[in-house]
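The values are calculated or read from the model by the stated rules, or taken from the named source; none is laboratory data. All figures in this text were calculated on a predicted structure; none of them were measured in a lab. Ideal geometry is used to build each Cβ from the backbone, glycine not excepted, and the neighbour counts take in all protein chains shown. For the accessible areas, the whole protein counts, side chains as well, though only heavy atoms, and no ligand, DNA or RNA atoms are used. Shrake-Rupley method; radii C 1.70, N 1.55, O 1.52, S 1.80 Å.
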Amino acid sequence: MKPIKFCDTTLRDGEQAAGVVFSPEEKREIVRQLAKAGVEQAEIGIPAMGEEERAVIRSIVDMGLPIQLSAWNRALKEDIDASLQTGVSWVHLTIPTSDLQIKAKLHMNRQEIVTMIRRAVGYAQQFNLGISVGFEDASRAYTPFLAELVLILYSDGIRRFRYADTVSMLQPVTMREKIRSILGECPEDVELEVHCHNDFGMATANTLAALEAGALWASTTVTGIGERAGNASMEEVALAWKHLYGGRTGLDTIHFKELAELVSAAAGRPLPLAKPIVGPMVFTHESGIHVDGMLKNRETYQSFDPVEVGAEHRFVLGKHSGWKTVAHILRQKGIRPERELSGELMREVRLEADRNKRLIEPEELMKLLEGVRSTRTVPALEDEE
């Protein structure tokens with residue numbers, strides 16, 4: 001099985017999320033961190049937006065980072081000309097492919113679309129650029145038409161194509177079927193990229209299904225940021241591909257937590273506490289049964305080691321904690337757990353958690369312990385884990 005590759009579109013589709021604006025320096029730092037993490041390609045903007053956008057893209061190109069840089073374009077000569085002004089070595093040319101979008105957006109038919117994209121490809125090829133072609137709204141397109149379009153453009157020299165589930169209309173079974181159908185008609189050296197949106201919460205699952213069906217490239221964003229409900233999350237796709245599918249990537253995942261925090265801060269969108277892979281609380285354990293198990297063997301309640309993504313486990317004290325958690329925290333504070341105080345101390349811990357509806361900090365536990373030490377009236381609890 002070949003290692004899958006990643007095209008990060010945080011600076012293009014990610015910045016299309018409502019209200020998100022990255023500063024030039026934030027963009028440069030995000031790309032710097034993407035390169036550090038081993039991401040193969042970054043889609044860094046839309047040059048046709050104007051000179052300000054082109055200037056930022058040029059500044060990223062000038063950094064000389066070990067990552068392939070691509071610009072997003074409509075299948076128009078003027079868009080390609082704008083990209084040429086930035087110095088990028090790769091251009092992505094996109095074209096509507098569903099009958100709905102072909103008619104509503106461009107007032108064209110399928111044959112006119114073929115002519116339009118071939119003209120744009122031919123123009124871009126004059127400048128020795130790497131080219132990928134994107135099939136917008138591919139999930140609602142007639143699949144045999146997409147296969148035909150791949151073969152036509154293949155004869156023109158194009159090898160890389162993007163299948164876009166633009167409005168999130170697929171689920172994993174149908175995604176797998178459509179990708180296999182297209183690839184079954186294509187030469188072996190065609191590289192298919194899949195770009196999924198998350199309107200129904202299936203972007204990661206759909207991306208993985210496409211990869212399983214033979215797609216080579218995953219178009220993702222850091223944390224899944226993107227327009228509407230977002231895109232497939234790079235962290236989720238990479239870790240699931242490794243641990244659930246036994247696949248390989250070229251990414252150094254230890255940078256994921258740092259990268260997620262960088263993008264989250266730049267976007268002004270705090271990471272959800274339980275965001276898979278990179279959320280602040282996803283490796284935090286309160287339940288007494290879980291903490292007891294993990295103190296004995298970390299694999300009892302972990303699917304992968306958080307060190308893989310630059311994070312670590314944390315045990316916290318709350319309503320559902322057990323004595324083993326309390327004893328562990330006390331030892332961390334240099335205090336010998338007093339088993340004879342366990343019953344009263346655990347009652348105080350749970351009452352405190354109920355009153356405040358939050359976790360209990362170690363310093364608060366110390367105060368509760370001081371209060372209990374003066375009264376040893378309640379018998380010790382039996383071992384509960």
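With Lys275, Lys324, Lys296, Lys333 as the choices, which residue is open to solvent by 60 Å² or more (accessible area, probe 1.4 Å), among the charged types (D, E, K, R) and either touching a Ser or Thr at 6+ places or on another chain (Cβ under 8 Å) or touching a residue at least 40 places away in the same chain (Cβ under 8 Å) (or both)?
Values: Lys275 fails: open to solvent by 60 Å² or more (accessible area, probe 1.4 Å); Lys296 fails: either touching a Ser or Thr at 6+ places or on another chain (Cβ under 8 Å) or touching a residue at least 40 places away in the same chain (Cβ under 8 Å) (or both); Lys333 fails: either touching a Ser or Thr at 6+ places or on another chain (Cβ under 8 Å) or touching a residue at least 40 places away in the same chain (Cβ under 8 Å) (or both).
Matching residue, one of Lys275, Lys324, Lys296, Lys333: Lys324.
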In segment 206-252, how many residues are under 12 Å from the mean Cα position of the chain (by Cα), within 22 Å of Asp137 (Cβ to Cβ) and small (Gly, Ala, Ser)?
7
Residue under question is Leu106, and the condition is that it be out of contact with any helix residue (DSSP H, G or I) (no Cβ under 7 Å at 6 or more places or on another chain), farther than 22 Å from Thr207 by Cβ and open to solvent by less than 70 Å² (accessible area, probe 1.4 Å); does it hold?
yes
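Checking the conditions here, which among Thr223, Thr207 is of a type in the set (Ser, Thr, Tyr), open to solvent by less than 10 Å² (accessible area, probe 1.4 Å) and either more than 24 Å from Leu151 (Cβ to Cβ) or in a helix (DSSP H, G or I) (or both)? Spell out how you get there, then give the answer.
On the way: Thr223 fails: open to solvent by less than 10 Å² (accessible area, probe 1.4 Å).
Checking each option against the conditions leaves just Thr207.
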Has segment 122-143 got any residue that is out of contact with any helix residue (DSSP H, G or I) (no Cβ under 8 Å at 6 or more places or on another chain), part of a helix (DSSP H, G or I), open to solvent by 80 Å² or more (accessible area, probe 1.4 Å) and basic (Lys, Arg)?
no
Taking the conditions exactly as written (assigned to a helix (DSSP H, G or I) and touching a strand residue (DSSP E or B) at 6+ places or on another chain (Cβ under 9 Å)), does Ala353 satisfy them or not?
yes
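Filter segment 1-43 down to the residues that are in a strand (DSSP E or B) and touching an Asp or Glu at 6+ places or on another chain (Cβ under 8 Å), then identify the one that is most open to solvent (accessible area, probe 1.4 Å).
Only one residue tops the list, namely Lys5.
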Looking for something open to solvent by 20 Å² or more (accessible area, probe 1.4 Å), of a type in the set (Lys, Arg) and outside any loop (DSSP other than H, G, I, E, B) - is there at least one such residue anywhere in segment 170-178?
yes
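Out of Leu262, Leu251, which single residue is touching a residue at least 60 places away in the same chain (Cβ under 8 Å), open to solvent by 30 Å² or more (accessible area, probe 1.4 Å) and under 22 Å from Arg12 (Cβ atoms)? Spell out the reasoning first.
On the way: Leu251 fails: open to solvent by 30 Å² or more (accessible area, probe 1.4 Å).
The match here is Leu262.
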